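A.B. asks: One structure coming up, written as structure tokens, with questions to follow.
The values are calculated or read from the model by the stated rules, or taken from the named source; none is laboratory data. A quick note: this is a predicted structure, and the numbers were derived from the prediction, not measured. Note that we place each Cβ from the backbone using ideal geometry, even for glycine, and neighbour counts take in every protein chain shown. The accessibility values were calculated without ligands, DNA or RNA, using every heavy atom of the protein model including side chains. Shrake-Rupley method; radii C 1.70, N 1.55, O 1.52, S 1.80 Å.
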Amino acid sequence: MTRRALIIIIVLISVARAAEDDEIVRVAFRGNEYLSEETLRTVFGVREAQYVSERRVERGRQSLLELYRLNGFDDVRISTEIVRRYGLRGGYIVYVEVEEGP
């Protein structure tokens, strides 16, 4: 009986931890060399467990552009992509691609 109860508790915890459909489950940065990922996360402002919003992601992209330009990267290009993730831990992954330039 206790083994069965333990299995039920584990399943309930797993289901409770599953992301909601519109929730961001991961923010991933690619291509950054000059600035650390921690700095980019802070300035970007989009975090895991927030509800996905194209407007929020665009504001974060603009903030990153401004940060890079203040640090002398006038040719920087930053693109974002929001990808739906399926499965038990569904939700969205936000990819941020940074091309720092020369």
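A.B. asks: Can you find even one residue in region 56-64 that is of a type in the set (S, T, N, Q) and open to solvent by 80 Å² or more (accessible area, probe 1.4 Å)? Step through it out loud before you land on a result.
C.D. replies: To start, the set of residues in region 56-64 that are of a type in the set (S, T, N, Q) comprises 62-63.
Next, from what is left, pick out any that are open to solvent by 80 Å² or more (accessible area, probe 1.4 Å): 62.
Yes; the residues of region 56-64 include at least one that is of a type in the set (S, T, N, Q) and open to solvent by 80 Å² or more (accessible area, probe 1.4 Å).
A.B. asks: Within region 35-55, track down each residue that is touching a Phe, Trp or Tyr at 6+ places or on another chain (Cβ under 8 Å) and open to solvent by 50 Å² or more (accessible area, probe 1.4 Å).
C.D. replies: Once the filter is applied, which keeps residues that are touching a Phe, Trp or Tyr at 6+ places or on another chain (Cβ under 8 Å) and open to solvent by 50 Å² or more (accessible area, probe 1.4 Å), region 35-55 yields Glu37, Arg41.
A.B. asks: Of everything in region 65-102 that's on the phi > 0 side of the Ramachandran plot and either at pLDDT 90 or above or in contact with a strand residue (DSSP E or B) (Cβ under 9 Å, 6 or more places away or on another chain) (or both), which residue is surrounded by the most Cβ atoms within 10 Å (Cβ to Cβ)? Before you say what the answer is, go through the steps one by one.
C.D. replies: Applying the first criterion (on the phi > 0 side of the Ramachandran plot) to region 65-102 yields 72, 87, 91, 101.
Pick out the ones that are also either at pLDDT 90 or above or in contact with a strand residue (DSSP E or B) (Cβ under 9 Å, 6 or more places away or on another chain) (or both) and you get 72, 91, 101.
Values: Gly72: 8, Gly91: 21, Gly101: 10.
Filtering region 65-102 for residues that are on the phi > 0 side of the Ramachandran plot and either at pLDDT 90 or above or in contact with a strand residue (DSSP E or B) (Cβ under 9 Å, 6 or more places away or on another chain) (or both), the one surrounded by the most Cβ atoms within 10 Å (Cβ to Cβ) comes out as Gly91.
A.B. asks: Going through region 52-64 one residue at a time, which ones are closer than 17 Å to Glu23 by Cα, of a type in the set (Gly, Ala, Ser) and modelled with pLDDT of 90 or more?
C.D. replies: Applying the first criterion (closer than 17 Å to Glu23 by Cα) to region 52-64 yields 52-58, 60.
Still in the running and of a type in the set (Gly, Ala, Ser): 53, 60.
Gly60 - this is the single residue of region 52-64 that is closer than 17 Å to Glu23 by Cα, of a type in the set (Gly, Ala, Ser) and modelled with pLDDT of 90 or more.
A.B. asks: Within the bounds of region 25-41, is there any residue that is β-branched (Val, Ile, Thr), under 11 Å from Tyr92 (Cβ atoms), modelled with pLDDT of 85 or more and assigned to a strand (DSSP E or B)? Before the answer, list the steps.
C.D. replies: Within region 25-41, the subset β-branched (Val, Ile, Thr) is 25, 27, 39.
When the remaining residues are screened for being under 11 Å from Tyr92 (Cβ atoms), the result is 25, 27.
Then keep just the ones that are modelled with pLDDT of 85 or more; that gives 25, 27.
With the extra rule that they be assigned to a strand (DSSP E or B), the set shrinks to 25, 27.
Looking for residues that are β-branched (Val, Ile, Thr), under 11 Å from Tyr92 (Cβ atoms), modelled with pLDDT of 85 or more and assigned to a strand (DSSP E or B), one finds at least one in region 25-41, hence yes.
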